[in-house]
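S.K.: I'd like to ask some things about the structure below.
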Amino acid sequence: MKDEIFYYQDKSLYCEDVPVEKIAAEVGTPFYCYSSAYLEGRFKAYHQAFGDKRHLICFAVKANSNLAVLHTLSSLGAGADIVSGGELFRAIKAGIPSERIVYSGVGKTEAEMAYALQQGILMFNVESHQEMQVLEETAKLLDKTARISIRVNPDVDAKTHPYISTGLKKNKFGLSMDQAIELYREAAGSRWLEVTGISFHIGSQILETEPFINALEKIQGIIHELSSSGIKLSYMDLGGGLGISYGNEVPPEPEDYVSATLKLASGMDQAIIIEPGRSICGNSGILVTKLLYTKKNSLKNFYVVDAAMNDLGRPSLYDAFHEIRPVSEKDNELTTVDVVGPICETGDFLARDRELPRMNRGDLLAVMSAGAYGFTMSSNYNSRPRVAEVMVRGTRFEVVRERETFNDLVRGEKIPDWEENGS
């Protein structure tokens, strides 16, 4: 699907039916560009694979929290997997019904819990004993019932980057299986807690189904043990983490992942919740940037572009690979370059030792597979305004987040009165 959405026609890169150069001419650079058709296609692939099995697809808002993206998915029946009060606000603002929202994350505050309880979300994925106690106290104060699942750490190696592995004993997420069973029994006796489900999440950018299946097998054991003691669960939350192709990777398709899951879960009564993020939106988007300068020293060739590590942090943070394409296809010979940004850090790069066509000042480049963990991880480092976001549908495009201005950089700041008064 990736190549059907972003393709060359008459040597010009298109997103769906819109030339990327046209967007750049009207919006300026850098900007993120998302394909609504890709988002819809990936969501439908998950949804249709479940067939008649009761399920809920909760999009991981942390991957891409733009309101237009969330609304596009909500209109298809998506829920939301959130990890903060701000993500809850965004999800509701985008039209996602509260009963389709699951609250994950290890550090929920009392204020965030209260907000979620007042909104009537589907359930909280509880990550610790203390968190459950605080949630119970908060629910009691509000005279609400908190529906919960316990996040279990199944100690399964997801075979991914250590920074995005979440299902091993040494990770901060979830509880051991023995700890989880103890918490379930305690929660079952609470007036203010309603035991609703069980959850796990083993990592991100996972490229095979085996780790998911290994984790699910362990979770099934807990479900059977709880059931034998009278604790019935309505939902089984399998988390997310299915990877995408950034270059040569060949991850399972949503249909393969769901099929493997359903095969193992056949005969189980629980509705299945999944929390895909990257696998829905990762290849829906690109970051478009302009070549400011070419530069050469005794060792290296550089393309200095107007996008930087504050706009797309994954290469600097994870040494992650993103394919880079010229927006106007070139027949020039290839040259080995580092693609770097304007930030005053050696770690400010989008690619290192990459073979790209010889290009000139003013040419545009597209950083591919940037629809997930791109804008959501961006910052104002070096006092750089965050970039615009654009969504394409067929022959139309619209700016779905305006480019920040210098005034946006200082909104909410003030000079103390004692400085103004000279005292």
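S.K.: Quick check on my filter: what residues within the range 80-100 are outside any helix (DSSP H, G or I), without any contact (Cβ under 8 Å) to a residue 60 or more places away in the chain and not hydroxyl-bearing (Ser, Thr, Tyr)? Let's see the steps before the verdict.
M.R.: Initial filter on the range 80-100 (outside any helix (DSSP H, G or I)): 80-84, 94-97.
Restricting the remaining residues to those that are without any contact (Cβ under 8 Å) to a residue 60 or more places away in the chain gives 80, 82-84, 94-97.
The answer is Ala80, Ile82, Val83, Ala94, Gly95, Ile96, Pro97.
S.K.: Which ones in the range 275-302 are under 23 Å from Glu389 (Cα atoms) and over 24 Å from the mean Cα position of the chain (by Cα)? Working first, answer last.
M.R.: Taking the range 275-302 first, the residues under 23 Å from Glu389 (Cα atoms) are 276-292.
Residues satisfying the conditions are Lys290, Leu291, Leu292.
S.K.: Say we look at the range 360-395 and pick out the residues that are assigned to a loop (DSSP other than H, G, I, E, B) and in contact with a Pro (Cβ under 9 Å, 6 or more places away or on another chain); which of these is surrounded by the fewest Cβ atoms within 10 Å (Cβ to Cβ)? Give the derivation first.
M.R.: Step one: list which residues in the range 360-395 are assigned to a loop (DSSP other than H, G, I, E, B), which gives 360-363, 368-374, 378-380, 384-387, 394-395.
With the extra rule that they be in contact with a Pro (Cβ under 9 Å, 6 or more places away or on another chain), the set shrinks to 363, 384, 387.
Values: Asp363: 18, Arg384: 21, Val387: 28.
Only one residue tops the list, namely Asp363.
S.K.: Hey, does the range 151-162 have a residue that's modelled with pLDDT of 90 or more and surrounded by 15 or more Cβ atoms within 10 Å (Cβ to Cβ)? Write out each step before concluding.
M.R.: Restricting attention to the range 151-162, the residues satisfying the condition of being modelled with pLDDT of 90 or more are 151-152.
Okay, now just the ones that are also surrounded by 15 or more Cβ atoms within 10 Å (Cβ to Cβ), so 151-152.
Yes, some residue in the range 151-162 is modelled with pLDDT of 90 or more and surrounded by 15 or more Cβ atoms within 10 Å (Cβ to Cβ).
S.K.: So how many residues does the range 319-370 have that are on the phi > 0 side of the Ramachandran plot and basic (Lys, Arg)? Before you say what the answer is, go through the steps one by one.
M.R.: As a first pass, look at the range 319-370 and keep what is on the phi > 0 side of the Ramachandran plot: 319, 353, 362, 369.
When the remaining residues are screened for being basic (Lys, Arg), the result is none.
The qualifying residues number 0.
S.K.: Scan the range 216-261 for residues that are of a type outside the set (D, E, K, R) and assigned to a loop (DSSP other than H, G, I, E, B) and report the count. Spell out how you get there, then give the answer.
M.R.: Of all residues in the range 216-261, those of a type outside the set (D, E, K, R) come to 216, 219-224, 226-231, 233-236, 238-248, 250-252, 254, 257-261.
From what is left, the residues that are assigned to a loop (DSSP other than H, G, I, E, B) are 229-231, 233-234, 238-241, 243-248, 250-252.
So the count comes out to 18.
S.K.: Pairs needed: first member in the range 263-280, free of Cβ contacts under 8 Å to residues at least 40 places away in the same chain; second member anywhere, surrounded by 20 or more Cβ atoms within 10 Å (Cβ to Cβ); C-beta distance under 9 Å; at least 6 residues apart or different chains.
M.R.: Asp269/Leu233
S.K.: Of all residues being in a loop (DSSP other than H, G, I, E, B) and within 25 Å of the chain's Cα centre (by Cα) in the range 8-29, which is nearest to Val387 (Cα to Cα)? Just the residue, please. Spell out the reasoning first.
M.R.: Looking only at the range 8-29, we keep the residues that are in a loop (DSSP other than H, G, I, E, B), and these are 10-11, 16-17, 28-29.
In the following step, the residues that additionally are within 25 Å of the chain's Cα centre (by Cα) were identified as 16, 29.
Details: Glu16: 21, Thr29: 8 Å.
Step by step, filter the range 8-29, then rank; the result is Thr29.
S.K.: Counting just the residues of the range 44-57 that are within 26 Å of Glu398 (Cβ to Cβ) and touching a Gly at 6+ places or on another chain (Cβ under 8 Å), which one comes out surrounded by the most Cβ atoms within 10 Å (Cβ to Cβ)?
M.R.: Taking the range 44-57 first, the residues within 26 Å of Glu398 (Cβ to Cβ) are 44-47, 57.
The next check asks that each one be touching a Gly at 6+ places or on another chain (Cβ under 8 Å); those that pass are 47, 57.
Numbers: His47: 17, Ile57: 25.
Looking at residues that are within 26 Å of Glu398 (Cβ to Cβ) and touching a Gly at 6+ places or on another chain (Cβ under 8 Å), I get Ile57.
S.K.: Considering every residue within the range 400-421, establish whether at least one is assigned to a strand (DSSP E or B) and of a type outside the set (A, V, I, L, M).
M.R.: Within the range 400-421, the first condition is being assigned to a strand (DSSP E or B), and the residues that meet it are 400-401.
Narrowing further to those that are of a type outside the set (A, V, I, L, M): 401.
Scanning the range 400-421 turns up at least one residue that is assigned to a strand (DSSP E or B) and of a type outside the set (A, V, I, L, M).
S.K.: A further question on this structure: Might you check whether a residue that is in a helix (DSSP H, G or I) and not assigned by TED's automatic domain parsing to the domain that holds Ala372 occurs anywhere in the range 48-60? Working first, answer last.
M.R.: Step one: filter the range 48-60 for residues in a helix (DSSP H, G or I), giving 48-49.
Then drop every residue that is not not assigned by TED's automatic domain parsing to the domain that holds Ala372, which leaves 48-49.
Yes, some residue in the range 48-60 is in a helix (DSSP H, G or I) and not assigned by TED's automatic domain parsing to the domain that holds Ala372.
S.K.: Same structure again: With the condition kept exactly as written, say whether any residue in the range 223-237 is in contact with a His (Cβ under 9 Å, 6 or more places away or on another chain), in contact (Cβ under 8 Å) with a residue 12 or more places away in the chain and either within 21 Å of Phe321 (Cβ to Cβ) or surrounded by 23 or more Cβ atoms within 10 Å (Cβ to Cβ) (or both). Give the steps one after another, and end with the answer.
M.R.: Initial filter on the range 223-237 (in contact with a His (Cβ under 9 Å, 6 or more places away or on another chain)): 237.
Filter once more, keeping what is in contact (Cβ under 8 Å) with a residue 12 or more places away in the chain: 237.
Checking the rest, the ones that are also either within 21 Å of Phe321 (Cβ to Cβ) or surrounded by 23 or more Cβ atoms within 10 Å (Cβ to Cβ) (or both) come to 237.
Checked against the condition, which is being in contact with a His (Cβ under 9 Å, 6 or more places away or on another chain), in contact (Cβ under 8 Å) with a residue 12 or more places away in the chain and either within 21 Å of Phe321 (Cβ to Cβ) or surrounded by 23 or more Cβ atoms within 10 Å (Cβ to Cβ) (or both), the range 223-237 yields at least one hit.
The values are calculated or read from the model by the stated rules, or taken from the named source; none is laboratory data. On a predicted model such as this, the values are computed, not experimentally measured, just so you know. FYI the Cβ positions are ideal-geometry reconstructions off the backbone, even for glycines, and counts take in every protein chain you see.
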